[in-house]
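The values are calculated or read from the model by the stated rules, or taken from the named source; none is laboratory data. Because the structure is a prediction, the values reported are computed rather than measured. Quick reminder, even Gly has a Cβ in these numbers, built from the backbone with ideal geometry, and neighbours come from all protein chains shown.
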Amino acid sequence: MMIESREPSEQRLRSAMGAARTDLSQQDRWRTALVMALYAGNLEQAKRVVHAAARDVEPVTVLDEVLAPAMHDIGALWERDHITVADEHLATFVIQRLLAEMSSQLKVAEPGSRETVLLATPTAERHAAGLLMAYDVLSGAGYETICLGVGVPRAALVAALARHRPALVGLSATMPFAAELMETVDAVLEALPTVQVLLGGAAAAAAPRHARVHHVPLLAELVQTAERALAGGRPDRATGAAEQP
């Protein structure tokens, strides 16, 4: 039986993304070009887009302004049935290969020369790209970074805290899992009273204010936020009490 092709045209995808205009910024042109390469599963073309962007902006800015938005676009195209789940998985695979190649560009300190950070997503969250980007940024800044991956059950996460005793825990979740993210944060804070928590992803904005919970809206702010969090959690030399953020 002959298989009928239902592959959408590039122009149709551009229109669905709102990228058919001619007045796009340079960042949006890179973003759109990367989406097309991801949809095609073309790793070499994706590399060319990323390399072109990296000539003009810092590598971490490429993550914030090109890779992360492109993955958001891929997810939105899938949710609106413009592409299939197989297309989305293919794009994710290409992104993972890109991140593996970019990791050396993000290295600014000796790996493992700083505090331990443990990264994970809540049980129902299966998006890995944000977690992998955070891993590369923190590892590149010298943090001893342990990534448990996506969909970590709460009990397993608590057990990992007891085993690794991290100074920082990084959690990421999209909006559908905001409630679960908050429950996971509570479990982390209760399990390890000294730990500082970094939150990323769309659901992080819904997090309640807490002295040991820090929202990270951009990867470019991740290292600085981690440093501030650690400074706020260290004992004051004179009194032995923890500093307040």
Expected single match for among the acidic types (D, E), under 15 Å from the mean Cα position of the chain (by Cα) and not assigned by TED's automatic domain parsing to the domain that holds G75 among E221, E183 is E221
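Going by the structure shown, is M102 in contact (Cβ under 8 Å) with a residue 12 or more places away in the chain, surrounded by 13 or more Cβ atoms within 10 Å (Cβ to Cβ), hydrophobic (A, V, I, L, M, F, W, C) and farther than 24 Å from E180 by Cα?
Details: in contact (Cβ under 8 Å) with a residue 12 or more places away in the chain: yes; surrounded by 13 or more Cβ atoms within 10 Å (Cβ to Cβ): yes; hydrophobic (A, V, I, L, M, F, W, C): yes; farther than 24 Å from E180 by Cα: yes.
The answer is yes for M102.
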For region 190-203, what are the residues that are in a strand (DSSP E or B) and of a type in the set (V, I, T)? V197
Filter region 153-183 for residues that are under 22 Å from P217 (Cα atoms), touching a residue at least 24 places away in the same chain (Cβ under 8 Å) and hydrophobic (A, V, I, L, M, F, W, C) and give the result. A167, L168, V169, L171, A173, M175, F177, A178, L181, M182
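Among the residues of region 40-60, is any among the charged types (D, E, K, R), in a helix (DSSP H, G or I) and modelled with pLDDT under 95? Show your work before the answer.
If we filter region 40-60 for residues that are among the charged types (D, E, K, R), which is where we start, we get 44, 47-48, 55-56, 58.
Narrowing further to those that are in a helix (DSSP H, G or I): 44, 47-48.
Within this subset, residues satisfying the condition of being modelled with pLDDT under 95 are none.
No, that holds for no residue.
Yes or no, residue by residue, for (1) over 18 Å from the mean Cα position of the chain (by Cα); (2) at pLDDT 95 or above; (3) over 26 Å from A178 (Cα atoms):
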{"site": "E110", "(1), (2), (3)": "yes, no, yes"}
{"site": "R126", "(1), (2), (3)": "no, no, no"}
{"site": "L131", "(1), (2), (3)": "no, no, no"}
{"site": "A155", "(1), (2), (3)": "yes, yes, no"}
Close pairs (8 angstrom Cβ cut-off, 6 or more residues apart or separate chains): assigned by TED's automatic domain parsing to the domain that holds G41 in region 79-92, assigned to a loop (DSSP other than H, G, I, E, B) and at pLDDT below 90 anywhere: H82/P8; I83/P8; T92/A128
Evaluate region 178-189: report whether one residue or more is assigned to a loop (DSSP other than H, G, I, E, B) and at pLDDT below 90. no
